[in-house]
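Enquirer: One structure, pasted below without further comment.
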């Protein structure tokens, strides 16, 4: 049963992971909130497009926003109620920017929409399965939020060799996956089998860190009960942050590396979170879209830490009250290593929220200078040289940081965790990355402008050249006139032409002195005679 | 102990590692050597430590004031004290007071603060201080005491202070009676006349070394401090192993070819080889940082140490070797970048 495992470079062992604060009590359902806020962007890709209007009555599970394009995911009403607004609201993003959201005023009845009857997944073909999973709004619940159906498509390019279900949950404090594995191992296994079928994967591994013995036992028991054929394999891996990172987990389980800039699929591997598997099972076997999730609420500033099943869209403030969160303190979404500071407590839980971590207000100590101790390089799971990246990022030498492979950084935070100078290293890398992105955007815009300018210049040059060519031709033609031999012939030809023209004109239009009557002719003669005898006429004087 | 840190960006927790803790561990690791040194040579050792530290810390404070930088965090990070301690135990134990003071101040001002302070110095400040003193004051720097039990009457604290401040020895004692040639001096002078070094001289104290085998204790004290640093993961094994290994290998090679060259044991246990390997060449600021880079850096120090000891103009060479390799460190780092995850080796 034991399987060969590979080590990954570096990583850290956190002295106390504080998971025991929240993982000892069963998951409780969080009460129905009065108002649910559903940002249209809860996933990687294009935001969903609302398909309801303000004032519409919606039922639990009803699709309220549809996927907009291929890389996108629909959103469903987590409870029944009325659409009270579709407007910008604070979203769980560190920028503090607002994002468009659909707001539902709950009617308290929590009435379900009619759910499709379940059918055996094996009677569907993989394309149909993917469609159902997409329509259920399922995205990666581990944190990235990539639409899951895309990652269930092996494509024509590569065969999927290994499907990995990530139950590592290596970040300190978080325990929602741990509780899910303990409480719903059948759902995870059911989902895993559906995913395996959709991908036609050769083998399927469920990886769990060895600091979760209860979850391991529950999964093992469920595998024993459900998976008699042995389609799935439970792999216990050593506890070491960030072994739950996709690339690190792949390395631990298979010894393979995902090529830089590539996808796990390039190595024949697909990774999904265990919670995603459970939601796939719910969608396929029970017809329920993704409208709720397990969420850890914990931290030193929380008096009743634990796990709750919360509806997507529940405001974080209400959940913090539930867990006895202090009024003061810094709210993070996610764990302490990679979590994001929330701009306000009014932001809602979204599909990718796995943990609310409330930290007490901490004194800020200025960092010391880097002493080049190299601890950061020892712990970097990607084998970068974090201090070189730091120097060059600080100097804004963006070519150099890319030479040192900045974009391979997974922002796990190990370097900053061990840094004796307490430098906010990851902050420097994020700064450098966004500066480079901005530069590239500018460069693209500038390139476009330059291209347009160049084209304009070319067009003008071409027009001028054509004009010059025409003028030259004309000049050449005129110059040719003075050439004797050709000229006489030409002159004769011209004279002949003129004569012809004259004759033609004469023939065509008779003058009014032709064909005169005798009286008219006599009158004209008389006038002519008078004119000959008369004094020359002086022009009249100008009266002025 | 996990601590919560400034909430600019993740991570929001921090491990127990801290600059001042690193420095304090280095100081702690040097204590056994200081104790044995004091036992061997008397009060001059402690006096040197006090004077170098004063020179270093005062200079650091003054320059930081001039640079309008916060003084207290820089002094409490203990980096100046580590520099001072390393320089102090490299100095002759009986020296006029201004020698260690100037050494400490010079090291901090010229080798550290003028480059921008902690983390910015390309050279090891303690070694710059040592070399500056060695070149400027060759007589004072090469007057080495014989260990206390070889001196007719050992100098007490008062006599040491009197000599340091006034240059006067107690009546009836001459400097010649107190000092002795070191084994590395002997090795230098004897290789020429093809007289092999007696292994009796092999156990020798720091930088110059002295002629009694119980000075082995000093080397053992340094070794134990170095092993402590390794165990605490303050230093990595790469530099000490590469440096001592290279030194021993070259010594063995030449010893086998021509037995007038002393063997590997002599080289490793002489002078500042161990101090250099564990405490000086491992200075992270001025050394190489990648793992392969550290191996190269250590090997380079070993080669230079052997070359200068065998054929150079100075009996011991750790300071020069380390400084020479400090110059090479950025280049070494550039060419020894590890293969990044997901990349193929060739790039």
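Enquirer: Residues A:377, A:393: which one is surrounded by 22 or more Cβ atoms within 10 Å (Cβ to Cβ), more than 8 Å from every other protein chain (Cβ to nearest Cβ) and outside any loop (DSSP other than H, G, I, E, B)?
Expert: Checking each option against the conditions leaves just A:393.
Enquirer: Given the criteria buried (at least 20 other Cβ atoms within 10 Å of the Cβ) and outside any helix (DSSP H, G or I), does residue B:287 qualify?
Expert: When the stated conditions are applied, residue B:287 passes them.
Enquirer: Only one residue in A:299, A:261 is surrounded by 24 or more Cβ atoms within 10 Å (Cβ to Cβ), within 14 Å of another protein chain (Cβ to nearest Cβ) and farther than 21 Å from residue A:76 by Cα. Which one?
Expert: Within the list A:299, A:261, the selection yields A:299.
Enquirer: Here are the criteria: (1) modelled with pLDDT under 90; (2) within 14 Å of another protein chain (Cβ to nearest Cβ); (3) surrounded by 19 or more Cβ atoms within 10 Å (Cβ to Cβ). Tell me which single one residue B:83 does not satisfy.
Expert: (1)
Enquirer: Against the conditions (1) free of Cβ contacts under 8 Å to residues at least 60 places away in the same chain; (2) under 25 Å from residue A:27 (Cα atoms), where does residue A:230 fall short? Just the number, please.
Expert: (2)
Enquirer: Residue B:253: in contact (Cβ under 8 Å) with a residue 40 or more places away in the chain, in a helix (DSSP H, G or I) and outside the structural domain of residue B:128 (by TED's automatic domain parsing), yes or no?
Expert: Considered against the rule, which asks whether it is in contact (Cβ under 8 Å) with a residue 40 or more places away in the chain, in a helix (DSSP H, G or I) and outside the structural domain of residue B:128 (by TED's automatic domain parsing), residue B:253 comes out as no.
Enquirer: Is there a residue in the range B:41-54 that is outside any helix (DSSP H, G or I) and more than 14 Å from every other protein chain (Cβ to nearest Cβ)?
Expert: The answer is yes; a qualifying residue exists.
Enquirer: Follow-up question, since we're still on this one. Give the range A:402-425 a look and list any residue that's buried (at least 18 other Cβ atoms within 10 Å of the Cβ) and farther than 26 Å from residue A:244 by Cα, or say none.
Expert: Matches in the range A:402-425: A:421 only.
Enquirer: May I pose another question? If you go through the range A:86-99, how many residues are surrounded by 15 or more Cβ atoms within 10 Å (Cβ to Cβ) and either modelled with pLDDT of 95 or more or farther than 22 Å from residue A:144 by Cα (or both)?
Expert: Total satisfying the criteria: 1.
Enquirer: Go through (1) within 30 Å of residue A:332 (Cα to Cα); (2) touching a strand residue (DSSP E or B) at 6+ places or on another chain (Cβ under 8 Å) one by one and return the number of the condition residue B:42 breaks.
Expert: (1)
Enquirer: Related question: Could you go through the range B:278-291 and let me know if any residue there is more than 21 Å from residue B:79 (Cα to Cα) and within 14 Å of chain A (Cβ to nearest Cβ).
Expert: Checked against the condition, which is being more than 21 Å from residue B:79 (Cα to Cα) and within 14 Å of chain A (Cβ to nearest Cβ), the range B:278-291 yields at least one hit.
Enquirer: Do we find a residue being away from chain B (no Cβ under 14 Å), within 26 Å of the chain's Cα centre (by Cα) and without any contact (Cβ under 8 Å) to a residue 40 or more places away in the chain anywhere in the range A:416-435?
Expert: Yes - at least one qualifying residue is present in the range A:416-435.
Enquirer: I've got another one for you. Residue under question is residue A:363, and the condition is that it be more than 8 Å from chain B (Cβ to nearest Cβ), within 28 Å of the chain's Cα centre (by Cα), surrounded by fewer than 24 Cβ atoms within 10 Å (Cβ to Cβ) and assigned to a loop (DSSP other than H, G, I, E, B); does it hold?
Expert: It is false that residue A:363 is more than 8 Å from chain B (Cβ to nearest Cβ), within 28 Å of the chain's Cα centre (by Cα), surrounded by fewer than 24 Cβ atoms within 10 Å (Cβ to Cβ) and assigned to a loop (DSSP other than H, G, I, E, B).
Enquirer: Return the residues of the range B:15-42 that are modelled with pLDDT under 90, farther than 30 Å from residue A:419 by Cβ and surrounded by fewer than 20 Cβ atoms within 10 Å (Cβ to Cβ); say none if nothing qualifies.
Expert: Within the range B:15-42, B:38, B:39 meet the criteria.
The values are calculated or read from the model by the stated rules, or taken from the named source; none is laboratory data. Just so it is clear, the structure is predicted and the values come from calculations on it, not from any experiment. Reconstructed Cβ throughout: ideal geometry from the backbone, glycine too, with neighbour counts over all protein chains shown.
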